[in-house]
Amino acid sequence: MKNRTVKEIGGYLELDRYGQNMLHEDAVALNCGRNCLAYLIRAKRIKRIALPLFMCSSVREICLREGVEIRHYCIDEKFRPTDVTLSDGEWLYLVNYYGQLPAEDIEGYQKKYKRIIVDNAQAYFDSPLSDVDTLYTCRKFFGVADGAFLYTDSALDCELEQDESYGRMEFILGRYERTASEFYGLYVKNNELFDTEPIKRMSPLTLNLLHGIDYGSVKEKRTQNYRYLYKRLECVNELQLRKIEGAFAYPLLLKHGAEVRKKLIQERIYIPMLWPNVLDDAEQGSMEYRYAEHILPLPCDQRYGEAEMRRICELVCRLAMKGDK
């Protein structure tokens, strides 16, 4: 077996090493967002947690895996918790849906509840608040196969294995040269992989790629695209949204959103249903059920510009008008 501790010299070239400043440089760099939560559960010895009913099932599965007692709470029309009272030692898991939760609201929840965890998976460009445990996910904003950041004042008293990403980059590289549909199966498998992955440090490959990103440009492009969609679709959107910067997506709520989603996909505009598990977990007719079924997270990321946003708006408006007839 070759000795990997002796540095190789010469041979063929690998991926270049990048040295730009990285967003969240001072955070704990881990392999995935759900393991940021697992890290916190172990480091802070969390035994009970309140989770929103409107969210991905993977968070619940991590809590169950770690032996944490769970109860669910509801949100209002602006994605804020409603009627939450924490018991002794219980933590509040607060999701910043689509980056729509203002910093002052988060500060208010911290003052009120003390024990909160902020999930900024959909708000990568929102700064963490001092003394608030906060997690970020890289895959939702950049072309990487894994990676997450955690801000916390607690640390695990153990050495973590470092992740490796080279074996699961095919769907990222494949879409660069071909179509998303050709590699969608690999994308799904990569997502499922983290259901059983242990807590690891972020891979060297992902760290390197994140050091090569022009974060200012990415934020600006996402902001411009979001504002274009906001201006054109505010009149048909049943949500009252904030104007934000560096958006994850533009959440559009339509009466017949599920039907519009299907038709947009036929037009090769891929709009996911983010949390289909909510249709099983929530009561039919509840706000959570309605949001899960009919919110369309319209893409507004750095790959696109005004031409793509215009195409989305024209199709959405035409389909929305047909659905209301």
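Per-structure values
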quantity	calculated
Nearest-20 debye value, the chain charge dipole, Cβ charges on Lys, Arg, Asp, Glu	740 debye
Cut-off 16 Å, label 7 Å out along Cα→Cβ of residue 61, residues of region 250-275 by amide N	274-275
Inter-probe distance in nm under a simple model that places probes 7 Å from Cα toward Cβ, at residue 82 and residue 259	2.7 nm
Accessible surface, region 34-110, averaged per residue in Å² (probe 1.4 Å)	41 Å²
Inter-label distance for residue 283 and residue 201, nm, one decimal - labels placed 7 Å from Cα along Cα-to-Cβ	4.9 nm
Additional length obtainable on full extension of the chain from residue 127 to residue 162, 0.36 nm per residue less Cα span	10.0 nm
Length-normalised contact order for region 97-206 - Cα pairs under 8 Å, 6+ apart - percent	21 percent
For region 37-175, alpha-carbon Rg and Dmax in angstrom	15.7, 49
Sorted peptide list for 145-154, 108-117, 40-49, criterion being average Cβ within 10 angstrom, highest first	145-154, 40-49, 108-117
Percent carbon-and-sulfur accessible area, the chain, ignoring ligands, DNA and RNA, probe 1.4 Å	48 percent
Computed magnitude of the charge dipole of region 74-204 (debye, nearest 20; Cβ of K, R +1, Cβ of D, E -1)	380 debye
Burial order of peptide ranges 261-269, 214-222 (average beta-carbon count within 10 Å, highest first)	214-222, 261-269
Cβ-based charge dipole, region 139-211, positive-most Cα from 160, 172, 193	172
Test item: Cα-centred dipole of region 121-190, Lys/Arg +1 and Asp/Glu -1 on Cβ, debye	600 debye
Fraction of alpha-carbon pairs over 36 Å apart in the chain - percent	20 percent
Under the Karplus curve 6.51 cos²θ - 1.76 cosθ + 1.60, θ = phi - 60°, whole-Hz ³J(HN,Hα) for region 21-27, x wherever Gly or Pro sits	4, 10, 5, 6, 4, 8, 7
Protection-proxy order for peptides 74-83, 88-97, each taking the mean of Cβ atoms within 10 Å per residue, highest first	88-97, 74-83
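The values are calculated or read from the model by the stated rules, or taken from the named source; none is laboratory data. Please read these numbers as outputs of a predicted model, since none were measured by experiment. No Cβ is skipped: glycine too gets one built from the backbone with ideal geometry, and neighbour counts run over all protein chains shown. Please note that ligands, DNA and RNA were not included when accessible areas were found on the heavy atoms of the full protein model with its side chains. Shrake-Rupley method; radii C 1.70, N 1.55, O 1.52, S 1.80 Å.
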